[in-house]
Structures are given as structure tokens and as C-alpha cells.
Amino acid sequence: KAGVTQTPRYLIKTRGQQVTLSCSPISGHRSVSWYQQTPGQGLQFLFEYFSETQRNKGNFPGRFSGRQFSNSRSEMNVSTLELGDSALYLCASSLRPSGGSVNIQYFGAGTRLSVL
Amino acid sequence: QKEVEQDPGPLSVPEGAIVSLNCTYSNSAFQYFMWYRQYSRKGPELLMYTYSSGNKEDGRFTAQVDKSSKYISLFIRDSQPSDSATYLCAMSTLSGNTGKLIFGQGTTLQVKP
């Protein structure tokens, strides 16, 4: 079974540009969560999409947005890039079971974004 | 103050040592507790998870949760050089089967041959 696939693996952008990152979840998983990982702040939750709807949102500015398609693939967009947006962006997929069962998240290898 | 605190280390131990990794948290609503391992240039991979308080063992790894103290631990027995990685604790609440995990800063572990 293929894992979570993130593309591209590496990106270099300049300040003010925008960027779109892609995530293909594990087959059958309908929930996709996005995280930002930096040396100073660690892993921080950006947002979660389930059935094409945003279900949870972290404390990030509106420049960070996302969407999910009917095949559960997700994209994340960052507009007007700032130097501080340089980070590893991780996507995680899960089944999001009902009834209080644990929601195990499986991570992709991430997209490393450098903003110059 | 962060919701989850974890000493970033680095922690260096000789091969064969018992390793203890810990996290403290402040949100009493956390019910699921997970440990992820992250190798350099890779995404985190789930090692273990526990629900509420108690212990869970899987091979050389043991996870403990003490909800009364808001303290969780991961023990690695007979540590190997291949265990050298960053270990992240993560937590989530029960309500809404949230896809939001709150992570600790991560502890970098080096096991020397």
C-alpha cells in the first residue's frame, strides 16, 4: 500500500511569491492534516480537511489556505511568502474513524520550502 | 507556555543503554498520546500510541502515561545506533475525532556504538 506522497520535495521561492504544495493520502484515507515544522517552533498544526471540508484550523494567518478534492488529495497554498515561512511542510492522512476511536495519522516525507 | 513541553536534548547514550524520553502537558482534555520517530529528511513515523493512563509495551519500546501528573514517557531498552533520531510526543483530545495533533518540540537522540 503506497504511503502519503507529497510533491514537490523541495522548493525555493522569493519573498512575495505564492506557492502550492500537494499531498496524496493513503488510499482509503479521507482526512488530510497539514503541519509546519521549524527548528524554533517544532511541528505546528495548520489545518485539517475531511470530505472536502475544513474541519480544524490552527493559529496561522490567512495567507495559509488549503483545499481538498473529491479523491481526498489536498493542496496547501501560501500567498505573499515571507522569510519566516521557510520550513518543512508535512501532510498527514488518516481514516478519521467515528465513535471515539483513535485517529492515527500517517505522515509524508514533507516539502521543504526555502524563501529567499 | 506551550501546551506540550519536551526537552529538545540532544541526548547521547552508549549502545545498549536504557533511554527515557519524557513530555509534560497542560491540557487535561488530552486523551490520546502518541510517540513518533523522525529520521533526518524524513517525515515522522508512528511508534506507539496509548489511550488515557497506563502502560503499553511493544518490543524494546514502552510507553507510559500518568494523567494525574500530566506526564508521559517513552522507554527504549537495549538502544541501538539505528534508534538515533528525533522522538516527538503528540497528543489529541477525544472530542470530534480531531485531526489536530499537538506536538512536543522533539528530543534528538544519538546512540553511540
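The values are calculated or read from the model by the stated rules, or taken from the named source; none is laboratory data. Because the structure is a prediction, the values reported are computed rather than measured. With ideal geometry, Cβ positions are generated from the backbone for all residues, glycine too; neighbour counts draw on all protein chains shown. We work out accessible area using only protein heavy atoms, side chains counted, and drop any ligands, DNA or RNA first. Shrake-Rupley method; radii C 1.70, N 1.55, O 1.52, S 1.80 Å.
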**Request:** Considering only the stretch A:37-64, state which residues are more than 11 Å from chain B (Cβ to nearest Cβ) and within 11 Å of the chain's Cα centre (by Cα).
**Result:** A:Phe64
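Is it the case that B:Thr50 is among the polar types (S, T, N, Q), farther than 30 Å from A:Tyr10 by Cβ and surrounded by fewer than 20 Cβ atoms within 10 Å (Cβ to Cβ)? Steps first, please.
Details: among the polar types (S, T, N, Q): yes; farther than 30 Å from A:Tyr10 by Cβ: yes; surrounded by fewer than 20 Cβ atoms within 10 Å (Cβ to Cβ): yes.
Yes.
If you check A:Arg67 against the conditions, is it part of a strand (DSSP E or B) and open to solvent by 70 Å² or more (accessible area, probe 1.4 Å)?
Values: part of a strand (DSSP E or B): yes; open to solvent by 70 Å² or more (accessible area, probe 1.4 Å): yes.
The answer is yes for A:Arg67.
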**Hey, B:Ser28 closer than 27 Å to A:Ser93 by Cα and more than 14 Å from every other protein chain (Cβ to nearest Cβ) or not** = yes
**Request:** Could you list all residues from the stretch A:88-116 that are on the phi > 0 side of the Ramachandran plot, touching a residue at least 12 places away in the same chain (Cβ under 8 Å) and out of contact with any Cys (no Cβ under 9 Å at 6 or more places or on another chain)?
**Result:** A:Arg96
**Request:** Residue by residue through the stretch A:65-109, note down the ones that are farther than 23 Å from B:Tyr32 by Cβ and facing another protein chain (nearest Cβ under 9 Å).
**Result:** A:Leu88, A:Ala109
**Asked** Looking only at strands (runs of 3 or more DSSP E) that fall completely inside the stretch B:47-111, which ones have 2 or more residues that are more than 9 Å from chain A (Cβ to nearest Cβ) and free of Cβ contacts under 8 Å to residues at least 24 places away in the same chain?
**Response** B:54-58, B:61-66
**Request:** Quick one: A:Gly62 ticks every box in (1) open to solvent by less than 60 Å² (accessible area, probe 1.4 Å); (2) of a type in the set (Gly, Ala, Ser); (3) free of Cβ contacts under 8 Å to residues at least 40 places away in the same chain; (4) more than 26 Å from A:Val102 (Cβ to Cβ) except a single one, so which number is it?
**Result:** (1)
**Asked** So how many residues does the stretch A:1-46 have that are surrounded by 16 or more Cβ atoms within 10 Å (Cβ to Cβ) and at positive phi?
**Response** 1
**Request:** Filter the stretch A:41-86 down to residues that are among the small types (Gly, Ala, Ser) and over 14 Å from A:Arg30 (Cβ atoms), then give me how many there are.
**Result:** 8
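Within the stretch A:5-16, is even one residue aliphatic (A, V, I, L, M), farther than 22 Å from A:Leu83 by Cβ and touching a residue at least 24 places away in the same chain (Cβ under 8 Å)? Lay out the reasoning, then the answer.
Initially, the stretch A:5-16 is screened for residues aliphatic (A, V, I, L, M), giving A:11-12.
Keeping just the survivors that are farther than 22 Å from A:Leu83 by Cβ gives none.
No, the stretch A:5-16 contains no residue that is aliphatic (A, V, I, L, M), farther than 22 Å from A:Leu83 by Cβ and touching a residue at least 24 places away in the same chain (Cβ under 8 Å).
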